[in-house]
Amino acid sequence: MNGFWQGRGGLVVRVALVVGLIVVVLAVLIPDHETGDLGGTAWTLVAYGPADTPIAAEAPASITFEANGRVGGSTGCNHFFGNFRADGERLSFVDDELGFTTRECDLASAEGKQEAFFREQLPGGSAYTLTADRLTLHFDGGQMAEYVRAQSL
């Protein structure tokens, strides 16, 4: 067996393993969809609800768009995760799906109200506007969520 790994056959296997590893790493790091101007940004919720009378965020909530097309965040009660697309005007989620953790939330609490809002609004995607320090998601039905850029650690 030792002779195989030191000979020509072993070299071919080692090269194939290295090439396979590179392909896997690139598949994870490079998105197969457009991340637009949101990739590599993180945001903290400040307000949500009806656009004409937004509600100030009472429970800490956030959203992070990774450069590789992954999205994750918190509703204030549960965490969510998935893959996103952004084209400068519209945010959508790959296969129209987001995963959510399943912690129970008191619907009468600030966390529970935010949870219900984001579970209903986020999966369908949204239009969005982006400035240097603000991200606003514009959902159907006149609903919105406004975020400020998260502080760097």
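The values are calculated or read from the model by the stated rules, or taken from the named source; none is laboratory data. Quantities reported herein were computed from a predicted structural model and do not represent experimental measurements. Neighbour counts run over all protein chains shown; Cβ positions are idealised from the backbone, glycine included.
Scanning segment 55-96 for residues that are crowded, with 17+ Cβ neighbours inside 10 Å and assigned to a loop (DSSP other than H, G, I, E, B) turns up 57, 59, 61, 66, 69, 75, 76, 77, 78.
One line per residue, one yes/no per condition, for (1) surrounded by 14 or more Cβ atoms within 10 Å (Cβ to Cβ); (2) modelled with pLDDT of 65 or more; (3) among the β-branched types (Val, Ile, Thr); (4) within 24 Å of residue 94 (Cβ to Cβ):
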| residue | (1), (2), (3), (4) |
| --- | --- |
| 3 | no, no, no, no |
| 8 | no, no, no, no |
| 13 | no, yes, yes, no |
| 19 | no, yes, yes, no |
| 29 | no, no, no, yes |
| 33 | no, no, no, yes |
| 39 | yes, yes, no, yes |
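Taking the condition of being under 16 Å from residue 50 (Cα atoms), small (Gly, Ala, Ser) and touching a residue at least 12 places away in the same chain (Cβ under 8 Å), how many residues in segment 126-153 meet it? Summing the residues that are under 16 Å from residue 50 (Cα atoms), small (Gly, Ala, Ser) and touching a residue at least 12 places away in the same chain (Cβ under 8 Å) in segment 126-153 gives 4. Annotation for segment 125-137: no member residue is under 17 Å from residue 57 (Cα atoms), touching a His at 6+ places or on another chain (Cβ under 8 Å) and assigned by TED's automatic domain parsing to the domain that holds residue 43. Taking the residues in segment 35-54 that are part of a strand (DSSP E or B) and closer than 20 Å to residue 140 by Cα as candidates, determine which candidate is farthest from the chain's Cα centre (by Cα). My answer is 50.
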